[in-house]
Amino acid sequence: MTHNVTVVRALVRRALNEILRVPGAAIPGVLAPTIFMLGLSSVFGKASSLPGFTAEDFRTFIVPVGLLQGAGFTGAATGVNLARDIEQGWFDRLLLCPAPRATLLTGVVASAALRALLPAIFLLIVAFSLGVSVPSLLGLLIATVLVMGLACAMACFSVTLALRFRTQQAAPLMQIASFTGVLFTTSYAPKPLLQDWLRTVADVNPVTHVLEGVRQGFVGGVTWGHTWPALLATAGLIAVMGAFAARGLRRYGV
Amino acid sequence: MAAIEVSQLQREYRGGLKAVDGIDLQVQAGEVYGFLGPNGAGKTTTVRMLVTLLRPTGGRATVAGFDVATEPHQVRRRIGVALQEAALDLLMTGRELIELQATLHGVPSRDVAGRTQDLIGRVGLSDAQERRVGTYSGGMRRRLDLAMALIHAPQVLFLDEPTTGLDPTSRTTLWNEVRRLKQDGTTVFLTTQYLEEADQLADRVGIISAGRIVAEGTPEALKAEIGLPHLDLTFDGDADIVRAREVLTPLGEIRADTAPGADLSLGVREGSSAIARVVRALDEAGICVGRVELVEPTLDDVFAARTGGHLEGAGAGAPAPDAAR
Amino acid sequence: MTDPGFSVRVVLALARRALRNALRRPQFLAPLVLFPTLFLAVNVGGLNRTTTLPGFPVVDGFLDFQLAGAMTQSLLLGGVAAGIATALEIEGGYFDRLVASPIPRVAIVLGRLVATGATAVVQVTYFLLLGLLFGASVKGGVPGVLVVYLIGIVAGVGFGAIGQAIALRAQNASTVQGIFPIALVVLFASSAFFPQDLLSSPVDVVARYNPLSYIVDGMRAPIIDGVGSTSVLEGLGAATLVVLAAGGLAVLALRGRLRDA
């Protein structure tokens, strides 16, 4: 067991190393959700004056979207990095070491959860300094758990794609999937204000629950009614995506 | 009029590095000129200047009668170029690439398809012509590169290290193609780091080192400067070496310094064709020859004599500076 | 060889090549249209009630308003893609072969620009059809549609020239790829997705001077208003300015690269 933990820790450290060694590659990913949030709130800011809008201010409303986008992009980047490792042959070397495959997967995915905190922290610093009110400690805690959880789920999804396609050219697919998953929810407006088709999609999309779970710290208040669906959705996504990834890993090279 | 005339050609980079440091050379029409030198000597830089891809910082050069600096357009119409890295578009098929090249060189539309098929057949790519170039092997890409250089029937063909990295079969194919081009009257300027290639193909050879030409002439003349070919002879058992000397004296020049391991070294002007005569003479004299080895001076010996370094493989001697592209 | 017939033949041959290669890499084409479509869908689905905000121009629906923005986003991405293709060509060495051929230097850039223009037609057509499918209509009728195509093609070629200028200067594909997010940010700081009068700070100030605002408004006016609006002229003017400026930059970059070679 301790060997497994060691392997996981080593893989996490390697993933974190990449950020330190090649900051140029990491910076766009860290900045992107913040820039997107700033852009959206500047362009659509007046939407918050629509009757039925639950937040005082559009920016506060979409900060949670930015947090989840950071999680999504980090998850996608995990898959892209794995695709690169596969292309360059390093992954084969990894498969040859005596750690069970489940451990390898855990290591890769755990690094995503940690890395997702970077864009999130940056986003929050910028948002708070622009006047967005700081949530309660409980709200922040729940948001952190959900962000890390979604990052894991998205990482499992992109890892599955990376194992399937084995090329970095699958990167846009991973990025668009995470982008769509986060945006096709109550991202821009509360459910009643959405067009019918989008309301249906948001109802079906489990990420909507995750988003509402993060948002409750910023808009309204933290309630159990919003928290348990978010936790359940996140756990469900991790379970399903994780199963796909595990299967993909089992089938790799067979 | 010479096909290529170069006078004090120079290429200096920022910082003072002179990749090409004032070279003079002349290539007659219909000649195959071998430009030989180690990596970093300035071969590629010279070629890039002659094909108008790089501007000289000093000196003059004319190709097919036109100045490369002031009339590059006229030069480009008359030259074919196959550079060190095959310059191909991997997404296109072989046929599409050659047809495009024909269009770019002004081949009339009605002739494009016909000429393309001719050339594709000539370089042996007929079966692969509808496949994307990205799927071609290294040898196939070089052959396609050559076809693209020939599509407009250029007067002067530039080949920059055409067989580096190729398997022996592809190399032979390319050599035969060069010989055929010479028969057709095309002037060929060929750079290479392989002695054998220069020896086999070139009418004249120019040896470049550290941006300067250190030797120029026909391969035979250059090698003759170093010395005659010689036979290293080893005799059986207790053969009479003194008698062997007597027998062989009229057949060549007995060398004062015998090669290590041999009993006698005989300089023979005719090279390998002297072997039969020597062995017969010794046989008639009853002397048993154990081993005969012909040793000929090589262009590497020429290079070593002029620069102290070596052309091929690891060599002690003058290091070649890294010439930036 | 300044024979115009030859020059035209060369430009068309290079344009044909650029288009053929683009079609052979569909995974690079899809994001050009897919991403703006998704963004369009979410914007309309989430914020279509904003048309009721005071100060919002009169429109049949938010979709009608958003179409021009989606088109421009797609054209911008197309310009970056053209730049990436040129950068890959330089990296791969084929560019050298073009330079060593007896073609007018400028044909190397023009060929790809013609291809970009042709792609722009497809992109504009896609969004017009998409809009019509989901209930939008072009108030300016057939002349309106023609105006949208005109500004779209001119702008698309202009963006392509920007992409090529960057590629010729940077000479590697990763740098050009880094322009994607910058292009999107610049598009955000315009009236592409929301009326200029309703933008919040700091974007509202930038949008006033952003040529993209005029280009988008120029394509939007025929859809929600009619061809008579001054926005059309301003849009055409802005697009032409972009083409001339970017084209000039591209030619300068080409000369620079040929000289420094």
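A short reminder: the numbers here are calculations on the coordinates, not readings from a lab. Keep in mind it's a predicted model, so treat the numbers as computed, not measured. For neighbour counting, all protein chains shown are included, and Cβ atoms are generated from backbone atoms with ideal geometry for every residue, glycine included.
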Quiz item: What does the charge dipole of the protein assembly as shown about its Cα centre add up to, to the nearest 20 debye, if the Cβ of each Lys and Arg holds +1 and the Cβ of each Asp and Glu holds -1?
Solution: 2720 debye
Self-check item: Top of B:G138, B:G30, B:G15 by mean-square fluctuation, Gaussian network on chain B, Cα under 10 Å
Solution: B:G15
Quiz item: How would you order B:61-71, C:214-224 from highest to lowest mean count of nearby Cβ atoms within 10 Å?
Solution: C:214-224, B:61-71
Quiz item: What does the charge dipole of the range C:4-260 about its Cα centre add up to, to the nearest 20 debye, if the Cβ of each Lys and Arg holds +1 and the Cβ of each Asp and Glu holds -1?
Solution: 1000 debye
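Need one value for C:89-100: mean number of C-beta atoms belonging to other chains within 10 Å of its residues' C-beta atoms.
6
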Quiz prompt | Over chain B, relative contact order from alpha-carbon pairs under 8 Å, at least 6 apart, % | solution = 21 percent
Practice problem: Please determine, in degrees from 0 to 90 and to the nearest 10, the orientation of helix B:109-122 with respect to the longest principal axis defined by the Cα atoms of chain B, where the helix direction is its Cα long axis. | Solution: 30 degrees
Exercise. Using +1 at the Cβ of each Lys and Arg and -1 at the Cβ of each Asp and Glu in the protein assembly as shown, identify which of C:L130, C:G61, B:A259 lies farthest towards the dipole's positive end.
Key: C:G61
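At a Förster distance of 56 Å, what's the computed FRET efficiency of C:L23 paired with A:T54, Cβ-Cβ distance as r, to 0.05?
Computed FRET efficiency for C:L23 and A:T54: 0.75.
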Practice problem: Shielding by partners for A:40-52, please: the mean number of other protein chain Cβ atoms within 10 Å of each residue's Cβ. | Solution: 6
Quiz item: So which lysines pass the test for C:K139, namely a Cα distance under 29 Å, with those fewer than 8 places away in the same chain ruled out?
Solution: A:K46
Quiz item: Separation of the range B:171-219 and the range A:190-254 by C-alpha centroid, Å?
Solution: 70 Å
Quiz item: Can you work out ³J(HN,Hα) from phi for every residue in the range B:35-42, in order, using Karplus 6.51 cos²θ - 1.76 cosθ + 1.60 and θ = phi - 60°, giving whole Hz and x for Gly and Pro?
Solution: 10, 10, x, x, 4, x, 6, x
Exercise. With runs of 4+ DSSP H residues as the only contributors, calculate the mean residue ellipticity of chain B at 222 nm using -39,500 (n - 2.57) per run, divided by the residue total and rounded to the nearest 500.
Key: -10000 deg cm²/dmol
Quiz item: Given Cα pairs under 8 Å that are at least 6 residues apart, what percent is the relative contact order of chain A?
Solution: 27 percent
Quiz item: Hey, in the GNM for chain A with a 10 angstrom Cα cutoff, which one of A:F73, A:F44, A:F122 fluctuates hardest?
Solution: A:F44
Practice problem: Kindly write out, for the range B:24-32 in residue order, the coupling ³J(HN,Hα) from the Karplus curve 6.51 cos²θ - 1.76 cosθ + 1.60 (θ = phi - 60°), rounded to whole Hz, with x marking Gly and Pro. | Solution: 10, 7, 9, 10, 7, 4, x, 8, 9
Self-check item: At R0 = 51 Å, FRET efficiency that the Cβ-Cβ distance of B:V295 and B:T135 yields, to 0.05
Solution: 0.65
Quiz prompt | Cut-off under 5 Å, modelled amide H: who pairs with B:T93 long-range | solution = B:V133
Quiz item: Taking amide H positions as placed 1.01 Å from N in the peptide plane, with prolines and chain starts having none, which residues 5 or more places from C:S191, or on another chain, fall under 5 Å of its amide H?
Solution: C:S213
Quiz item: Taking chain B as a Gaussian network, Cα atoms linked when under 10 Å apart, which of B:R142, B:R132, B:R255 shows the biggest mean-square fluctuation?
Solution: B:R255
Practice problem: Hey, can you grab everything whose amide H is under 5 Å from the amide H of B:S209? Only 5+ residues off in sequence or another chain; H modelled, so Pro and N-termini drop out. | Solution: B:V214
Quiz item: Can you give me the relative contact order of the range B:228-295 as a percent, contacts being Cα pairs under 8 Å and 6 or more apart?
Solution: 51 percent
Exercise. Give the residue from A:G52, A:H226, A:V109 lying farthest towards the positive end of the charge dipole for chain A; charges sit on Cβ (+1 for Lys and Arg, -1 for Asp and Glu) and the dipole is referred to the Cα centre.
Key: A:V109
Self-check item: Test item: B:74-86 mean partner chain Cβ contacts at 10 Å
Solution: 3
Quiz item: Hull surface divided by four, with the convex hull built on the Cα atoms of the protein assembly as shown: how many nm²?
Solution: 46.3 nm²
Quiz item: Mind ordering B:205-214, C:4-13, C:152-161 by average Cβ neighbours within 10 Å, highest first?
Solution: C:152-161, B:205-214, C:4-13
